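The block underneath contains the structure these notes are about, expressed in structure tokens.
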């Protein structure tokens, strides 16, 4: 596993265990690992979901929701259009209330 993915994994699991969800969890990961992007976060999320040591339902739910949210965002907004991406992220924040 790559060093960046390890850091994202740790930030993801710790943040979810602390009760962070949605955009708050995403912001926490990006603050701790500046190289984090949606693709890396989704991969680290899938790794966390397959980890047999993680058994807390709320932690797993937060990780699952973040993975789905970020994956769908990449499908809707191409990475090469940063202004449109930011606009979609803000709309997502308003919808989810985070």
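The values are calculated or read from the model by the stated rules, or taken from the named source; none is laboratory data. Remember, it's a predicted structure, so these values are computed and weren't measured experimentally. Neighbour counts are summed over all protein chains in view; Cβ atoms, including those assigned to glycine, are modelled from backbone coordinates with ideal geometry.
Yes/no per residue for (1) within 10 Å of the chain's Cα centre (by Cα); (2) at pLDDT below 95; (3) within 11 Å of residue 66 (Cα to Cα); (4) not in a helix (DSSP H, G or I):
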residue: 5; (1), (2), (3), (4): no, yes, no, no
residue: 9; (1), (2), (3), (4): yes, no, no, no
residue: 14; (1), (2), (3), (4): no, no, no, no
residue: 36; (1), (2), (3), (4): yes, yes, no, yes
residue: 39; (1), (2), (3), (4): yes, yes, no, no
residue: 54; (1), (2), (3), (4): no, yes, no, yes
#### Entry: The one condition in (1) in contact with a helix residue (DSSP H, G or I) (Cβ under 6 Å, 6 or more places away or on another chain); (2) in a helix (DSSP H, G or I); (3) free of Cβ contacts under 8 Å to residues at least 40 places away in the same chain; (4) buried (at least 17 other Cβ atoms within 10 Å of the Cβ) that residue 66 fails to fulfil
(3)
### Message
Can you pull out every residue in the stretch 1-15 that is in contact with a helix residue (DSSP H, G or I) (Cβ under 7 Å, 6 or more places away or on another chain) and either surrounded by fewer than 15 Cβ atoms within 10 Å (Cβ to Cβ) or closer than 19 Å to residue 74 by Cα (or both)?
### Response
5, 8, 12
### Query
Checking residue 18 against (1) surrounded by 14 or more Cβ atoms within 10 Å (Cβ to Cβ); (2) at pLDDT 95 or above, which test does it fail?
(1)
### Task
Would you be able to say whether some residue in the stretch 21-32 is under 14 Å from residue 71 (Cβ atoms) and crowded, with 19+ Cβ neighbours inside 10 Å?
yes
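Tell me which residues, restricted to the stretch 77-98, are in a helix (DSSP H, G or I), modelled with pLDDT under 70 and within 16 Å of the chain's Cα centre (by Cα). If you could, list the steps in order and put the result at the bottom.
Taking the stretch 77-98 as the starting set, the residues that turn out to be in a helix (DSSP H, G or I) are 82-96.
From the residues that got through so far, the ones that are modelled with pLDDT under 70 too are 82-85, 96.
Selection gives 85, 96.
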